[in-house]
1. Which one of Gly153, Gly176 is in contact with a Ser or Thr (Cβ under 7 Å, 6 or more places away or on another chain), part of a helix (DSSP H, G or I) and either modelled with pLDDT of 85 or more or closer than 23 Å to Leu28 by Cα (or both)?
2. Return yes or no: is Ala254 among the hydrophobic types (A, V, I, L, M, F, W, C), out of contact with any helix residue (DSSP H, G or I) (no Cβ under 7 Å at 6 or more places or on another chain) and touching a residue at least 12 places away in the same chain (Cβ under 8 Å)?
3. Are any of the residues in the range 15-26 surrounded by fewer than 16 Cβ atoms within 10 Å (Cβ to Cβ), under 16 Å from Ala136 (Cβ atoms), of a type in the set (Lys, Arg) and at pLDDT below 90?
4. If I filter the range 273-325 down to residues being aliphatic (A, V, I, L, M) and under 26 Å from the mean Cα position of the chain (by Cα), which single residue comes out as farthest from Gly236 (Cα to Cα)?
5. Could you check the range 62-78 and list, in sequence order, the residues that are acidic (Asp, Glu) and within 27 Å of Thr90 (Cα to Cα)?
6. Please determine, by comparing only the residues of the range 99-131 that are among the polar types (S, T, N, Q) and under 20 Å from Glu50 (Cβ atoms), which one is nearest to the chain's Cα centre (by Cα).
7. If you scan the range 22-69, which residues turn out to be charged (D, E, K, R) and either in a loop (DSSP other than H, G, I, E, B) or in contact with a Leu (Cβ under 7 Å, 6 or more places away or on another chain) (or both)?
8. If you take the residues of the range 296-324 that are free of Cβ contacts under 8 Å to residues at least 40 places away in the same chain and either in a helix (DSSP H, G or I) or not assigned by TED's automatic domain parsing to the domain that holds Ala227 (or both), which of them is nearest to Ser334 (Cα to Cα)?
Amino acid sequence: MSAARSATPATDAPAPVYLVRGDDPSVLAQAVHNLLRGLVGDRDPSLVLEEHGGPSADELDVGAVIDAFSTPPFLVDRRIVVVRDAGRLTAADAGRLVEVLSDPPPMSVLLLVSGGGTIPQGLVKAAGAVGQVVDAGVGTGKSRVRWIEEQVGLGSVQLTPRALDLLTEHLGEDVGRLAGLLDMLATAYGEGSRVDVDELAPFLGEAGSVPPWDLTDAIDAGRTEDALAALHRQLGAGGRSAPEVLGAVHRHFAQMLALDGSGATTAQEAAALLGARSTFVAKKALQRSSQLGFERIGQAILLLARADLDIKGETGVSPELVLEVLVARLSRLSRTRGGRRR
């Protein structure tokens, strides 16, 4: 399943195991909540649920998980054992769970929630073989837009196309706010209501963050106004810190510097030189390195180094202002003619 809101299994015949995975903590939590709501039904959660792991747990005891999963339920017809931060499981721990899942107890459900690291692949395969792997991932670009459209379609209100466009642009990367926002709209206007831009706007709050490449793409194109807008959204409430933003921009130009004069001519060669998994990213860096040229890349690196010192307090200027000046200078640099290459 690709949508967290659709991750509600039938309550009469649950699978013996569910593995829920996703990158956004809020979306992941919503997917788990929906799953548990379907699994628990009208049963008393205190009798049905048993939780293990999670950020507050010192360790994840797989022996205790197996004991709970294997113990028949008492006074109810179902036991649900939730393992949070299942990425903390070692390969040996995962192997023990795989063995148990080869012949799962008939009245128990194991719910594995991603986090804390990478879940061993053997356990992922076993979960998919005897149960369900629920993908609560949102993706990027068009995938994120489709995910938002799907969630809105499953919600209790209808958004006009204009309102949906505004919502998608406003949320940016902060898609974890979507479920709560849809609930607020349903409470305010009633389930089934049609919501347009004017009705939506008062509930939006502060604009969500945007991905790093929105900033670097605008800088590369010399679009100073767009670059500053992307910078402000990245620095907004719940967004990235100034050093994180600076680090992302520095990596962008450092890749160009590494490729300048390297002899790389193809995306594959550039990816190998940069140690990048994505040839798309490497191709962009290669093209941009050629367009910008050694002199302007060098100037950009010097500007970034100066900004790093200023953010660390050398001048006493606020980090936000330092980054605004930096972004404006880098954008202007991208609009100027290149100097002589080495």
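The values are calculated or read from the model by the stated rules, or taken from the named source; none is laboratory data. All figures in this text were calculated on a predicted structure; none of them were measured in a lab. All Cβ positions, glycine included, derive from the backbone under ideal geometry; neighbour counts span all protein chains shown.
1. Values: Gly153 fails: in contact with a Ser or Thr (Cβ under 7 Å, 6 or more places away or on another chain).
Sole residue among the options that is in contact with a Ser or Thr (Cβ under 7 Å, 6 or more places away or on another chain), part of a helix (DSSP H, G or I) and either modelled with pLDDT of 85 or more or closer than 23 Å to Leu28 by Cα (or both): Gly176.
2. On the way: among the hydrophobic types (A, V, I, L, M, F, W, C): yes; out of contact with any helix residue (DSSP H, G or I) (no Cβ under 7 Å at 6 or more places or on another chain): yes; touching a residue at least 12 places away in the same chain (Cβ under 8 Å): yes.
For Ala254, the condition - among the hydrophobic types (A, V, I, L, M, F, W, C), out of contact with any helix residue (DSSP H, G or I) (no Cβ under 7 Å at 6 or more places or on another chain) and touching a residue at least 12 places away in the same chain (Cβ under 8 Å) - is met.
3. no
4. Pass one, the range 273-325, residues aliphatic (A, V, I, L, M): 273-274, 276, 281-282, 285-286, 292, 297, 300-305, 307, 309, 311, 317, 321-323, 325.
Going one step further and asking which of them are under 26 Å from the mean Cα position of the chain (by Cα), we end up with 274, 276, 281-282, 285, 323.
On the way: Leu274: 31, Ala276: 29, Val281: 26, Ala282: 29, Ala285: 27, Leu323: 13 Å.
Within the range 273-325, the match that is farthest from Gly236 (Cα to Cα) is Leu274.
5. Narrowing the range 62-78 to residues acidic (Asp, Glu): 67, 77.
Asp67 - this is the single residue of the range 62-78 that is acidic (Asp, Glu) and within 27 Å of Thr90 (Cα to Cα).
6. Step one: list which residues in the range 99-131 are among the polar types (S, T, N, Q), which gives 102, 108, 114, 118, 121.
So of that shortlist, the ones also under 20 Å from Glu50 (Cβ atoms) come out as 108, 114.
On the way: Ser108: 31, Ser114: 13 Å.
Once the filter is applied, the top-ranked residue is Ser114.
7. In the first step, residues of the range 22-69 are kept if they are charged (D, E, K, R); the result is 23-24, 37, 42-44, 50-51, 58-59, 61, 67.
The answer is Asp23, Asp24, Asp42, Arg43, Asp44, Asp58, Glu59, Asp61.
8. Kept after step one, since they are free of Cβ contacts under 8 Å to residues at least 40 places away in the same chain, are these residues of the range 296-324: 299, 302-303, 305-306, 309-310, 312-318, 321.
Within this subset, residues satisfying the condition of being either in a helix (DSSP H, G or I) or not assigned by TED's automatic domain parsing to the domain that holds Ala227 (or both) are 299, 302-303, 305-306, 309-310, 321.
Numbers: Gln299: 11, Leu302: 15, Leu303: 13, Ala305: 18, Arg306: 18, Leu309: 23, Asp310: 22, Leu321: 20 Å.
The residue in question is Gln299.
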